[in-house]
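Structure first, then comments.
The values are calculated or read from the model by the stated rules, or taken from the named source; none is laboratory data. What you see is a predicted model; the values in this text were computed from it and never measured. Every residue, glycine among them, receives a Cβ derived from its backbone with ideal geometry; neighbour counts consider all protein chains shown. What goes into the accessible areas is simple: the full protein's heavy atoms, side chains included, and nothing from ligands, DNA or RNA. Shrake-Rupley method; radii C 1.70, N 1.55, O 1.52, S 1.80 Å.
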Amino acid sequence: MTYLLPSLMLITLIVGIFSGYPVAFLLGGLSVLFMFLGDVPLASFSLVTNRVFGSVLENWILAAIPLFVFMGVMLDKSKIADNLLLELEKLFRGRPGGLGLAVIIIGLVMAASTGIIGASVVLMGTLALPLMLKRNYDKTVAIGTILGSGTLGILLPPSIMLVVFGDVMQVPVGDLFAATLVPGMMLASFYVLYIIYNALFHPHKVPANEAGDAPPMKGVLLRVLRDLVVPALLISSVLLSIVLGIATPTEGAAIGAGFALLLALAKRKLSLSTLLDSLRSTARTTGMILFLAIGATAYSLIFKRLGGQSMIEDIVASFGVSPYMVVLGIMVLIFVLGFFLEWIEISFLVLPLFAPVVAGLDFGDSFASQGDVLIWFAVLVAVNLQTSFLTPPFGYAVFYLKGIAPSNISTMDIYKGVVPIVGMQLFGVLIIALFPAIVLWLPKVL
């Protein structure tokens, strides 16, 4: 009976989530309800207020979130990828899969520039999908390529998800940025191999563009470099300043937001309406994240006061399985939750409960410190959470693409295209789990 109330608290939360009630208010409401049910002294609840106005609202790391969101929105408004797609395709003129490879490269640029899934998927769907269908690309291959490269934005820095992870897990954001670069490029290489495989064995699915004479390669290369240099400078200035410790995440985000504003001005895309739209979008996203952070703070504090953390640790210990099996179980849970919840909700629910458990496991000589374990676990969760944008019934990237796709693209076509991408993402989770050096090498070097 010791763990009756924390068990009920978890069950009630799960039932409430499936009821469709806003998760932020659900978390806050349950914390108040179970505070009275558990006879927790009212004075203890003041710790929630102290945490909200201390560790949450006064946390300078979280101030990076609106700045990164604003940077991403302004870069989207600047249309940095409009010319780049066609110029990149010309580099692969006459070769099957050339347009698909160009889409993946653009997806990488947008992922590292904006860090916003909605912006990347809508942009790639608007620019690339009609062109790929016009070139007689197989629908599932075209859709999978766009969604795979579009969802890289939540993993590659400057991802707002990594900023949230850093705050929740008390891990340096710069280390997380460095740790996700190699896994992110690994996933992008999987998508490239997917296109190359189809080009070699199923060329009719990714036909070459043979229309017209190929332009001089020198001119194409110059135009590609011209279109790439500005976003490359922006990305490198932000990432290097943070990863090398020259600037804090908030200062780096401010640099990026300022550069994005100047880029929009230079491209004559900055107007009062554009600025106001960007500010509104930034406020909505930031407000959603902060409300969830406040609700999750209250929930986790009361849950732990009722013995919830000890309950989870005792359950893990009772199974007597290896630490890697514990991590596997958590990964399966996150994958299943991704069918029904957004990444932000999963982050605030799962990480505070399971990160301390994983940090306390004995992995032998595989890790030099507890901090390495947390970074490795954070990247596993981050790669896993990419699937939450693609899996039914609430795969938001699927809805984004369906909203702007031509009428001959059905929802079932999109889900068929998603299957190999989700498989590659889960394979990436497995590779990272088996070889932690993929994650830890770059942070140690830097």
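Does segment 295-334 hold any residues that are among the hydrophobic types (A, V, I, L, M, F, W, C), more than 29 Å from residue 21 (Cβ to Cβ) and in a helix (DSSP H, G or I), and which are they?
Residues satisfying the conditions are 316, 317, 319, 325, 326, 327, 328.
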Here the residues within segment 22-77 that are open to solvent by 40 Å² or more (accessible area, probe 1.4 Å), assigned to a loop (DSSP other than H, G, I, E, B), at pLDDT 65 or above and farther than 30 Å from residue 274 by Cβ are 39, 41
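For residue 442, state whether it is surrounded by 14 or more Cβ atoms within 10 Å (Cβ to Cβ), in a helix (DSSP H, G or I) and at pLDDT below 85.
In short, no.
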*Please work out if residue 406 is in a loop (DSSP other than H, G, I, E, B) and farther than 22 Å from residue 329 by Cα.*
yes
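Would you confirm, using the coordinates I've provided, whether residue 305 is open to solvent by 80 Å² or more (accessible area, probe 1.4 Å), of a type in the set (Lys, Arg) and either without any contact (Cβ under 8 Å) to a residue 24 or more places away in the chain or in contact with a Cys (Cβ under 8 Å, 6 or more places away or on another chain) (or both)?
Against the criterion (open to solvent by 80 Å² or more (accessible area, probe 1.4 Å), of a type in the set (Lys, Arg) and either without any contact (Cβ under 8 Å) to a residue 24 or more places away in the chain or in contact with a Cys (Cβ under 8 Å, 6 or more places away or on another chain) (or both)), residue 305 does not qualify.
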In segment 122-153, anything surrounded by fewer than 24 Cβ atoms within 10 Å (Cβ to Cβ), part of a helix (DSSP H, G or I) and either of a type in the set (S, T, N, Q) or within 17 Å of the chain's Cα centre (by Cα) (or both) is listed as 122, 126, 140
With the first residue restricted to segment 353-377 and required to be within 28 Å of residue 297 (Cβ to Cβ) and at pLDDT 90 or above, and the second required to be assigned to a helix (DSSP H, G or I) and open to solvent by 40 Å² or more (accessible area, probe 1.4 Å), Cβ contacts under 8 Å at 6 or more apart or on different chains are 375/175
Regarding segment 220-232, can at least one residue be identified that is modelled with pLDDT of 85 or more and surrounded by fewer than 14 Cβ atoms within 10 Å (Cβ to Cβ)? no
query: Out of all the residues in segment 275-285, is one or more surrounded by 19 or more Cβ atoms within 10 Å (Cβ to Cβ), farther than 14 Å from residue 35 by Cβ and of a type outside the set (Ser, Thr, Tyr)?
result: no
Residues of segment 425-439 being surrounded by fewer than 18 Cβ atoms within 10 Å (Cβ to Cβ) and part of a helix (DSSP H, G or I), in sequence order, are 426, 427, 430, 431, 434, 437
The condition of being among the aromatic types (Phe, Trp, Tyr), touching a Leu at 6+ places or on another chain (Cβ under 6 Å) and closer than 24 Å to residue 155 by Cβ holds, among 343, 376, only for 343
Only one of 328, 292 is open to solvent by less than 30 Å² (accessible area, probe 1.4 Å) and either over 19 Å from the mean Cα position of the chain (by Cα) or on the phi < 0 side of the Ramachandran plot (or both), namely 292
Those residues of segment 7-23 which are touching a residue at least 40 places away in the same chain (Cβ under 8 Å) and within 13 Å of residue 33 (Cβ to Cβ) amount to 9, 13
